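Visitor: Can you keep this structure in mind? I'll have questions shortly.
The values are calculated or read from the model by the stated rules, or taken from the named source; none is laboratory data. This structure is a prediction, so every number in the text was calculated from the model and none was measured. Every residue, glycine as well, gets a Cβ built from its backbone with ideal geometry; the counts of neighbours run over all protein chains shown.
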Amino acid sequence: MTEKNEQVPSVGDEKFETFKELLSNFVLSHQWSNAFCLLVDEVWWKRREAFEDVWLPYGEKHAELNGEPIVFVRSLDHMKDMSKMCPFVTFAFDWSTTHPSLKAGLRSKSVSRLRVLRLTDGDVDDEVCGWIAKAKHLKGLQALALSGGEITHEGCQLLAKSKHLSQLRLLDLSNNEIGDEGCKALAMSKSLGNLQEVRLSGCEVGLDGLKLLAESDLFSKVQSLDLGFNQLGSEGCHLLSSSKLTALQKLCLAENDLGEEALRELSNAADLKGLLSLDLSCNQIGKGLDVLLRSPFLGELKELYLDSCELGNDGCESFAEVSVLEKLCVLDLADNEIDDDGCRSLASAKSLSELRFLNISANDISSEGGSELVNAASWSQLEVLDLSNCDISSEGCVGIRTSHSLENLQVLDLFGNKNAEEEDMESDKRSLLHGLQIDSEYGGVEIFWS
């Protein structure tokens, strides 16, 4: 922090307007936090009286009406300083598991206003889970991320039994070997009743573990479930189709050895009719897509992720022939062996009239196919089109960039095509960022971080 300096000119009303604007447009991000912390730090030191008489009451009232904003902090000391200046905020912290203060810090009262905790460096194990489970000052914690560690079912059991984690809404255990016994601990937990989002990607979840989750009363309230990279197959989809997971809005089944039979099971899942987002990436779906798209239970779907699913042009024709996806806003078809004929089929799909984001990168698309997409008559809402790493010529890139058919298009990504210009490198970055924003906006589930 800067040292107090009485000679510094007073801060004007413009700063206060910025303060109000930041509070009114809160997003959980490092960028927002940095702007907020710098502003508060400056005014608190330079104009303390005005801050305490005007800024602080305004912040407290705003938090009371709209919820406490969450600020990313760098350390426990930073958290203490911000607590002193802005007692109306709560905190998010990326804490290294190798930091010597971790165990003691979790025991301290300083973490009582912590709402988001992510342990980094991949050294999270059952012992660390034990520290967290016993941390009585973490009672307000809403999101806990422990991905990529060495947690086993024993660590899961400790977390699931903790009476201090009852306010958790998001639990990320991705890429830990918790197995079916870990799933059992979560499914039978009497302490984690407020969970809304659970991430178990790459956790060695088997059919026995999935059955326990699918029949769990606790998981019947979960809105977002990530089961990617667990090889659950068609039997897993059968369990999901007749489960208690009726509150699900977002489901990830990426790389789960799903084929046509698995998609047939999902297409008959009446209990999943509330799904807003479905990720089936990296499965050899092929012609199974046609079965899924004819399901009467996908009418609310807003996001569909199908990258690397071996769909080919037949998959594009399936989109052109169905009418149940009228609310779809986000579609990912990257790396699916689609060529110009597939583009023509997609461009004629009237059911995709609400599409806002289309990723069709890494396909065999030439200038002709790209032109079909940017001139699609029914895609008036499209904002982001990713055609990167295709087979579009330099002249084709120019023609596509200068087309004005899609009047709402904000990001066009042509990076990686033949002779594409350097400016498309930045377009690629903007496309990815914009895509994340759309994912968050249309997913229907509050996501704490991407």
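Visitor: If a residue must be under 24 Å from VAL43 (Cα atoms) and not in a helix (DSSP H, G or I), how many such residues does region 83-113 contain?
Guide: Matching residues across region 83-113 total 8.
Visitor: Residues LYS302, LYS327, LYS273: which one is touching a strand residue (DSSP E or B) at 6+ places or on another chain (Cβ under 9 Å) and of a type outside the set (A, V, I, L, M, F, W, C)?
Guide: Being touching a strand residue (DSSP E or B) at 6+ places or on another chain (Cβ under 9 Å) and of a type outside the set (A, V, I, L, M, F, W, C) holds for just one of LYS302, LYS327, LYS273, which is LYS302.
Visitor: Can you tell me which condition GLU68 does not meet? The list is (1) modelled with pLDDT under 95; (2) part of a helix (DSSP H, G or I), and all the others hold.
Guide: With (1) modelled with pLDDT under 95; (2) part of a helix (DSSP H, G or I) applied to GLU68, the lone miss is (2).
Visitor: Which one is surrounded by the fewest Cβ atoms within 10 Å (Cβ to Cβ) among residues in region 236-261 that are in contact with a Gly (Cβ under 6 Å, 6 or more places away or on another chain) and not in a loop (DSSP other than H, G, I, E, B)?
Guide: Among them, the one singled out is GLU260.
Visitor: Could I ask something else about it? Please pick out the residue among LEU304, LEU292 that is surrounded by 21 or more Cβ atoms within 10 Å (Cβ to Cβ) and in contact with a helix residue (DSSP H, G or I) (Cβ under 6 Å, 6 or more places away or on another chain).
Guide: Criteria check complete, one pass: LEU292.
Visitor: Something else: Just wondering, is there one or more residues in region 116-137 that are within 20 Å of LEU158 (Cβ to Cβ), without any contact (Cβ under 8 Å) to a residue 12 or more places away in the chain, small (Gly, Ala, Ser) and outside the structural domain of GLN31 (by TED's automatic domain parsing)?
Guide: Checked against the condition, which is being within 20 Å of LEU158 (Cβ to Cβ), without any contact (Cβ under 8 Å) to a residue 12 or more places away in the chain, small (Gly, Ala, Ser) and outside the structural domain of GLN31 (by TED's automatic domain parsing), region 116-137 yields no hits at all.
Here is a yes/no grid of residues against (1) within 29 Å of ASP94 (Cα to Cα); (2) modelled with pLDDT of 90 or more; (3) within 38 Å of the chain's Cα centre (by Cα):
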| site | (1), (2), (3) |
| --- | --- |
| ASP13 | no, no, yes |
| ASN25 | yes, yes, yes |
| SER29 | yes, yes, yes |
| ASP41 | yes, yes, yes |
| GLU49 | no, yes, no |
| VAL54 | no, yes, yes |
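Visitor: Which of (1) within 15 Å of LEU245 (Cα to Cα); (2) buried (at least 18 other Cβ atoms within 10 Å of the Cβ); (3) among the acidic types (Asp, Glu) is the odd one out, the single condition ASP172 does not satisfy?
Guide: (1)
Visitor: May I ask you to list the residues in region 346-370 that are in a helix (DSSP H, G or I) and buried (at least 20 other Cβ atoms within 10 Å of the Cβ)?
Guide: Once the filter is applied, which keeps residues that are in a helix (DSSP H, G or I) and buried (at least 20 other Cβ atoms within 10 Å of the Cβ), region 346-370 yields LEU346, ALA347, LEU352, SER367, GLY369, GLY370.
Visitor: Continuing with the same structure: Name, by its number, the condition in (1) over 22 Å from CYS282 (Cα atoms); (2) assigned to a loop (DSSP other than H, G, I, E, B) that does not hold for ASN230.
Guide: Against the list (1) over 22 Å from CYS282 (Cα atoms); (2) assigned to a loop (DSSP other than H, G, I, E, B), ASN230 comes up short only on (1).
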